[in-house]
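First up is the structure itself, then whatever we jot down about it.
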Amino acid sequence: MPIINAVRVLSDKNFKSDCTKKPAVIALAGNPNTGKSTIFNALTGMRQHTGNWPGKTVLRTQGQYIYNGQKYVLVDLPGTYSLLPHSAEEEVARDFLCFSYPDVTVVVVDATCLERNLNLVLQIGEVTRQLILCLNLMDEARRKNLIIDSDLLSRRLGIPVVETAARNGEGLNQLRQTICDVVNHRITPVPTPITYPPDLEQAIAILEPQVRQIMGERLNPRWVALRLIAGDQSFIRSFFSSLPDAGEGVKL
Amino acid sequence: MHACMTLDRLLPGCFALVEEVQAQGITRRRLLDLGLVPGTIIQAIHRSPLGDPTAYQIRGAIIALRQEDTLQIRIIPFEGT
Amino acid sequence: MSQNHPLSSLLRQSQNISGLEPAKATDSIVQSIYHTAQKIARETVQMPGSRIQNLDRRLDNIFLSRIWGYPVMLILLTMILWITIIGANYPSSWLASGLFWLEERLTQGLQFLDAAAWVHGFFIEGVYRSVAWVISVMLPPMAIFFPLFTLLEDAGYLPRVAFNLDYFFKKAGAHGKQALTMCMGFGCNAAAIVSCRIIDSPRERLIAALTNNFTPCNGRFPTLIAMATLFIGGSSLVLGTQLMATLTVAGFILLGIILTFVLSYFLSRTLLKGEPSSFILELPPYRSPRIGQVIIRSVMDRTLFVLARAIIVAAPAGAITWILANTYIDGTSLLSSFAAFLHPFASHMGLDGFILMAFILGLPANEIVLPILIMAYVSGGSMMELESLGDLRQLFVVEHGWTWLTGICFMLFTVCHWPCGTTLYTLQKEQKNAYWTFMAFLLPTCTGILLCVSVNYLVQFMHLL
Ligand SMILES: Nc1nc2c(ncn2[C@@H]2O[C@H](COP(=O)(O)OP(=O)(O)OP(=O)(O)O)[C@@H](O)[C@H]2O)c(=O)[nH]1
Ligand SMILES: [Mg+2]
């Protein structure tokens, strides 16, 4: 079932839109140093700093672009290895992905190091359905003679996969088109759920309905159940501070 | 079967299988997030000029770890390379 | 509210419901995800043996090696500085001649318009000159240093620096990623304070933030370069003197790095006691940077940056300096009385009142310290007209009695004094604690005063001068 954007904390007054429709919010997530800021710059024409080391971006930045007459707000996030944040800048990324309900999340991964990057992709797939995988650094992958079957990858993950080499501008049009398709529901990603060992699955089966009762489909109940089982205090804290009535909240 | 040892004793160039991460708390979570779950293949690559930290190849990425942390990772070294 | 929320009570119950210990459950979750990732990756990626990876290893064999690791770092630093010093020299003097030529034309123009003397003074001697000095002295070194530095950054060398230096940081009770924040500090200390967020432990992050000022930023190392060239003569074409000037600047940067270690050690034993936290650093693969694009872009970026700062900070600073120099009370200008007031203290530090005053007026931005000093000297009754950079030596040495000791103390204090206003503001915003902002001010200032006074008295005591 679809995850409904019940809480839209993204206030509209920030978008002095000249288009009729509300702009779609696109989050750029991914491991550190996979080229998120490079893609962000390429799409928005802005000049975020990039550099070949993990941790170059520490703050959230946003920019916009127009594609096919529709306006998109692109959000560049700090790199993170997992949705269990360890540091302030990773928390920025996690909170935005989990509690700001972007219309589409593009996970940028390093094609030369897929296995390690898939960890985050799978985790984000538990939080949101509106997910696109961007296989960046394809030029490096080719240089290293890697052959990646992206069709198979797309089927296994249940989400669209776009190959890019952002620094050379390769594949960016395809990326814009795919984002557009997902925003306009021409493509519906269905992330393949991860199977856990039987004891965990049993616990999920018990907790999931209770979570659904409390908070509906605002967040994927299966994922929330997992957070509860893992005793993740920081998730609970961030969740409460993201509620609209908690004052500050996650604003865009 | 080989005896277990800790990761800090793995010589550069050698491979091993991760058996257990003994660290607790936040360090444990960080190490797990790097993919250091039991059964992972790990290779020691480089020691820094003064012997610590050491760089390891873990799931295709090169990660530097300090001895304090590698002491808490138990591994089973591979025969040869 | 959050305590009574049903979700909180569900969290409390969840352990009973699942019968799993949270820590065990977390392990199990992470493990399942990684196994899935591994399975998918194995199915979708084929990797026939790769030569490129071996190239990476071979580069690391040099850059991380026991023998070559540190020498290569020093050589790279020296090389970058050397290219900067040689390369900045010509554009600097071109810009200077051009801007002074323009100044004359502007002066003539004002005379033609019959403008009042204060108009000429305020706009030409104040605003225009300080902007001109910033552009001619500060801009060229930055516009050359940064592209080179960015090339190293894009190639993937910076994390290797952090890897090599981590041992010292651990000994100092700090975090290896502090090396990365120091690298950012070369660009701008304020930006570096924000980049300290990459350090997870609050204690180590604070250490990195408090000591970042020992890395000479953007606005300070051109000052170092200008001083070194002035005293050692890097502007002559002789290789030996250029190299000497380069080594001098490299020496001061190295001193800053050593002081960073010393003060980190001191902080983690006193105000910020604690054990080093875990250190995890990814060493990304080397990537060949797109040289042309990097150079064009960072030269442009730096130029725009410096020009913007020149207008925002240097122009008002020049105006204020001129006003201070031309407001007389009892026959002496405010500027001179301020300098005279500072002089007794400054002379203990091997400086003079004007120099210390320039540092104080330079609080908003470090790149205006030298321009303010020049303007203060010139306005202090000097009859000479500066027409080229070479005349600076005349101004400092002949007219104001600088010795090599003054030069050294000036450079020392350039490396260690209070952070600029923007940096302090950023620190306050990041830490939200006035106490630490104050410490960030105090720490380098006291270090600088201590160093200058010791060097000054040591030299005098040993009759080296
Ligand atoms: N060869 C190649 N290099 C790329 C490509 N995309 C990005 N890069 C380079 O990879 C490095 C990292 O890029 P960034 O955009 O800074 O990466 P990021 O994901 O924003 O990194 P963090 O902000 O640290 O999370 C930069 O040096 C880029 O120039 C690509 O498609 N091909
Ligand atoms: Mg980035």
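The values are calculated or read from the model by the stated rules, or taken from the named source; none is laboratory data. Remember, it's a predicted structure, so these values are computed and weren't measured experimentally. Cβ placement follows ideal geometry from the backbone for every residue including glycine, while neighbour counts extend to all protein chains displayed.
Here are the numbers:
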read-out	value
Matching residues, the range C:258-294, being buried (at least 18 other Cβ atoms within 10 Å of the Cβ) and among the β-branched types (Val, Ile, Thr)	C:260, C:280, C:294
Residues of the range B:55-66 satisfying the condition of being touching a helix residue (DSSP H, G or I) at 6+ places or on another chain (Cβ under 7 Å) and more than 9 Å from chain C (Cβ to nearest Cβ)	none
Odd one out for residue A:190, checked against (1) within 12 Å of chain C (Cβ to nearest Cβ); (2) surrounded by fewer than 16 Cβ atoms within 10 Å (Cβ to Cβ); (3) among the hydrophobic types (A, V, I, L, M, F, W, C)	(1)
For residue C:47: the one exception among (1) within 7 Å of chain A (Cβ to nearest Cβ); (2) buried (at least 18 other Cβ atoms within 10 Å of the Cβ)	(2)
Any helices (runs of 4 or more DSSP H) falling wholly within the range A:161-252 and containing at least 2 residues that are outside the structural domain of residue A:82 (by TED's automatic domain parsing)	A:198-215, A:221-229, A:233-242
Residue in the range A:135-158 that is touching a residue at least 40 places away in the same chain (Cβ under 8 Å) and either charged (D, E, K, R) or not assigned by TED's automatic domain parsing to the domain that holds residue A:120 (or both) present	no
Qualifying position, being out of contact with any Leu (no Cβ under 8 Å at 6 or more places or on another chain) and facing chain C (nearest Cβ under 8 Å), among A:178, A:195	A:195
Contacts under 7 angstrom Cβ, first residue in the range C:427-445 being surrounded by fewer than 13 Cβ atoms within 10 Å (Cβ to Cβ), partner in a helix (DSSP H, G or I), 6 or more apart	C:434/C:428
Output for the range A:70-86, where each listed residue is more than 15 Å from ligand 2 (Cβ to nearest atom) and away from chain C (no Cβ under 14 Å)	A:70, A:71, A:72, A:73
Selection status of residue A:60, charged (D, E, K, R) and more than 14 Å from every other protein chain (Cβ to nearest Cβ)	no
Extreme residue, surrounded by the fewest Cβ atoms within 10 Å (Cβ to Cβ), among residues of the range A:23-46 that are within 12 Å of ligand 1 (Cβ to nearest atom) and β-branched (Val, Ile, Thr)	A:38
Residue C:165, sole failed condition from (1) away from ligand 1 (no atom under 16 Å from the Cβ); (2) under 29 Å from residue C:291 (Cβ atoms); (3) more than 10 Å from every other protein chain (Cβ to nearest Cβ); (4) touching a Gly at 6+ places or on another chain (Cβ under 8 Å)	(3)
Scope the range A:141-156; condition facing chain C (nearest Cβ under 7 Å) and within 16 Å of ligand 1 (Cβ to nearest atom); matching residues	A:143, A:144, A:145, A:146, A:148
Subset of the range C:57-75 that is out of contact with any strand residue (DSSP E or B) (no Cβ under 7 Å at 6 or more places or on another chain) and crowded, with 20+ Cβ neighbours inside 10 Å - its residue that is farthest from the other protein chains (Cβ to nearest Cβ)	C:63
Residue check, residue B:3 within 15 Å of residue B:67 (Cα to Cα), at pLDDT below 90 and not in a helix (DSSP H, G or I)	no
Total residues in the range A:47-74, condition within 12 Å of ligand 1 (Cβ to nearest atom), surrounded by fewer than 23 Cβ atoms within 10 Å (Cβ to Cβ) and hydrophobic (A, V, I, L, M, F, W, C)	2
Residue selected from the range C:264-281 under the condition within 8 Å of chain B (Cβ to nearest Cβ) and touching a Ser or Thr at 6+ places or on another chain (Cβ under 7 Å), by the criterion nearest to residue B:68 (Cα to Cα)	C:278
Evaluation of residue C:38 against (1) surrounded by 12 or more Cβ atoms within 10 Å (Cβ to Cβ); (2) more than 14 Å from chain A (Cβ to nearest Cβ); (3) without any contact (Cβ under 8 Å) to a residue 40 or more places away in the chain; (4) part of a helix (DSSP H, G or I) (one fails), failing number	(2)
Hits in the range B:42-54 (condition: within 11 Å of the chain's Cα centre (by Cα) and within 8 Å of another protein chain (Cβ to nearest Cβ))	B:45
Hits in the range A:92-107 (condition: within 14 Å of another protein chain (Cβ to nearest Cβ) and within 14 Å of ligand 1 (Cβ to nearest atom))	A:92, A:93, A:94, A:107
Among the candidates A:79, A:125, residue that is in contact with a Gly (Cβ under 9 Å, 6 or more places away or on another chain), buried (at least 22 other Cβ atoms within 10 Å of the Cβ) and in a loop (DSSP other than H, G, I, E, B)	A:79
Helices (runs of 4 or more DSSP H) wholly inside the range C:346-451 that include at least 1 residues being charged (D, E, K, R)	C:390-393, C:421-431
Which listed residue is touching a Leu at 6+ places or on another chain (Cβ under 9 Å), on the phi > 0 side of the Ramachandran plot and not β-branched (Val, Ile, Thr), from C:362, C:350	C:350
Scope the range A:170-207; condition under 20 Å from residue C:21 (Cβ atoms) and in contact with a helix residue (DSSP H, G or I) (Cβ under 7 Å, 6 or more places away or on another chain); matching residues	A:196, A:197, A:200, A:203, A:204, A:206, A:207
Set A:89, A:126, A:170: member being at negative phi, free of Cβ contacts under 8 Å to residues at least 40 places away in the same chain and facing chain C (nearest Cβ under 10 Å)	A:89
Which listed residue, of C:311, C:323, is part of a helix (DSSP H, G or I) and more than 16 Å from residue C:133 (Cβ to Cβ)	C:323
Index of the failed condition, residue C:325 passing every other in (1) of a type in the set (Gly, Ala, Ser); (2) touching a residue at least 60 places away in the same chain (Cβ under 8 Å); (3) touching a Leu at 6+ places or on another chain (Cβ under 6 Å)	(2)
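Here is a yes/no grid of residues against (1) within 27 Å of residue C:295 (Cβ to Cβ); (2) surrounded by fewer than 19 Cβ atoms within 10 Å (Cβ to Cβ); (3) not β-branched (Val, Ile, Thr):
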site: C:88; (1), (2), (3): yes, no, yes
site: C:102; (1), (2), (3): no, yes, yes
site: C:109; (1), (2), (3): no, yes, yes
site: C:143; (1), (2), (3): yes, no, yes
site: C:156; (1), (2), (3): yes, no, yes
site: C:179; (1), (2), (3): yes, no, yes
site: C:182; (1), (2), (3): yes, no, yes
site: C:199; (1), (2), (3): no, no, no
